[in-house]
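This report concerns only the one structure given below.
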Amino acid sequence: MTEDYELSEYRQPTCLMLMTLDPDALQRIHFDANQLSATIEDISDKLDPLLQHMWGQKMYRIILTVKSTKTKNKIKYTIR
C-alpha cells in the first residue's frame, strides 16, 4: 500500500487504523521502521452487538503511526 497525504498543518502524529480479527496480524505488516511505528490493541469490549454478531466476539485495531512531522508525505507498507 502507498498512502499519499497532504495536511494544511501538523498538529499531531498521523495514524492509519486497520481492523482485523487476527491477534497476530501485526506480524504480517511490513514497513520502514524509520517511517512508521505500529501497535495492536484488543477492541473487543468496544464492539456493539451488531458488529459482534457479524464479525465475532474478538476484534483488534492496528495503529500505524507516522513518525514524520512533514505536512506532505508518502508512506508505504505491505500486508502479507
>> Could you sort Asp45, Asp4, Asp32, Asp22 by their accessible area in this structure, using a 1.4 Å probe and putting the largest first?
In response: Asp45, Asp4, Asp32, Asp22
>> I'd like the Karplus ³J(HN,Hα) series for the range 10-18: coefficients 6.51, -1.76, 1.60, θ = phi - 60°, whole numbers in Hz, and an x wherever there's a Gly or Pro.
In response: 8, 10, 7, x, 7, 10, 10, 10, 10
> Taking the simple approach of a point 7 Å from Cα along Cα-to-Cβ for both Glu9 and Thr71, what is their distance in nm?
Replying inline: 0.9
>> At 1.4 Å probe size, what's the solvent-accessible area of His30? Round to the nearest 10 Å².
In response: 80
> Using alpha-carbon pairs under 8 Å, 6+ residues apart, how would you state the relative contact order of the chain in percent?
Replying inline: 53
>> Quick check of the Kirkwood formula: for the chain, what is the inverse mean of 1/r over all pairs of different Cα atoms, in Å?
In response: 13.9
> In Å², what does the accessible area per residue of the chain work out to with a 1.4 Å probe?
Replying inline: 72
> So, counting K/R as plus one and D/E as minus one, what does the shell of residues with Cβ under 10 Å around His30 add up to?
Replying inline: +2
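The values are calculated or read from the model by the stated rules, or taken from the named source; none is laboratory data. Just so it is clear, the structure is predicted and the values come from calculations on it, not from any experiment. Quick reminder, even Gly has a Cβ in these numbers, built from the backbone with ideal geometry, and neighbours come from all protein chains shown. Keep in mind that these areas ignore ligands, DNA and RNA; they rest on the heavy atoms of the full protein, side chains included. Shrake-Rupley method; radii C 1.70, N 1.55, O 1.52, S 1.80 Å.
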